[in-house]
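I have placed the structure first, in the form of structure tokens, so that the comments after it can refer back to it.
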Amino acid sequence: RNKKRAKRVKKDMREVIWSKLRKFLLRGYLTFRRKDEILNFTDYFWVPKGDGDIRMVFNGTSCGLNKVLWAPNFWLPTAKSMLRTYGFNYRAVDLDLGEYFINLPIQASLEKYSGVDLSPFLDEIKKDKDVAHLLTPVGPEAEGFATWSRCWMGQRPSPEWAARYYYLAEEFVQGREDEANNPFYWDEVV
């Protein structure tokens, strides 16, 4: 149960961080809640991503959440291990799924432990008409606290959940190969 407040945000980073948080709120990845409904707050920070952009990271380790979450060992290839598989005329694909984690829901029971203190951005929240109306269900005591309803970068099982759901979705999209109206239909392998 981590109830530490969010760190102060430097003025020069405020606008770019708010643009990321705003997007999470408008897409429903973060949902406003009353502070007393949230049992654990995740710390967040940002890392540079290209020119003038950042990637937001919500830290499940510093708030203690990752200590109590289980995730299987999840092997990711390194550049060296990938090179061992290459041969003459070999083709590979680099598949960047962008914001894939946050397209997948987390268990409802984890939401109250995946809190985010957005109070440093309360002025921006109240000034932004598109975001301010999201505070209404919380009521007049809304202070800018939210919870994740999606997998977030920094939560221990997120990479495994993302890979598992990706492969399930891929199977679902391809459908049954024995149905004649399926574009992936086959009746013999040559």
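The values are calculated or read from the model by the stated rules, or taken from the named source; none is laboratory data. Since we're looking at a predicted model, the values are computed, not measured. Because the Cβ atoms are built from the backbone with ideal geometry, glycine has one as well, and the counts that use them run over all protein chains shown. We work out accessible area using only protein heavy atoms, side chains counted, and drop any ligands, DNA or RNA first. Shrake-Rupley method; radii C 1.70, N 1.55, O 1.52, S 1.80 Å.
Observations, loosely collected:
- Gap separating the Cα centres of region 34-78 and region 109-162, nearest whole Å: 14
- Accessible area in square angstrom per residue, region 71-190, 1.4 angstrom probe: 72
- In nm, spacing of pseudo-spin labels at Asp12 and Ala163 (7 Å Cα→C-beta vector): 3.8
- Helix 158-174 axis, angle to the chain major axis (alpha carbon atoms, nearest 10°): 50
- Between amide H atoms placed 1.01 Å from N, distances below 5 Å from Asp43 occur with Asn59, Cys63, all of them 5 or more places distant or on a separate chain.
- Where chymotrypsin sites (Phe, Trp or Tyr not before Pro) in DSSP loops with at most 12 other Cβ within 10 Å are excluded, longest remaining stretch of the chain: 91-183
- Relative protection proxy for 2-13, 122-133, from highest mean packing down: 122-133, 2-13 (other beta-carbon atoms within 10 angstrom).
- Cα-based reach from Lys3 at 25 Å (exclusive), listing lysines while leaving out same-chain residues under 8 positions away: Lys11, Lys20, Lys23, Lys35, Lys67, Lys112, Lys126
- Carbon and sulfur %, accessible surface of region 39-190 computed with the full protein complex present, 1.4 Å: 56
- Couplings 3J(HN,Hα) of region 179-190, computed from phi: 9, 4, 8, 7, x, 9, 5, 8, 10, 7, 10, 10 Hz, in residue order, whole Hz [Karplus 6.51 cos²θ - 1.76 cosθ + 1.60, θ = phi - 60°; x for Gly and Pro].
- Residues of region 1-28 with amide N under 20 Å of a point placed 7 Å along Cα→Cβ from Glu143: 1-9
- 5 angstrom amide H check on Ile54, placed H, neighbours 5+ away: Lys49
- Hypothetical label at Asp128: residues of region 1-27 whose amide nitrogen lies under 13 Å (7 Å Cα-Cβ projection): 14-27
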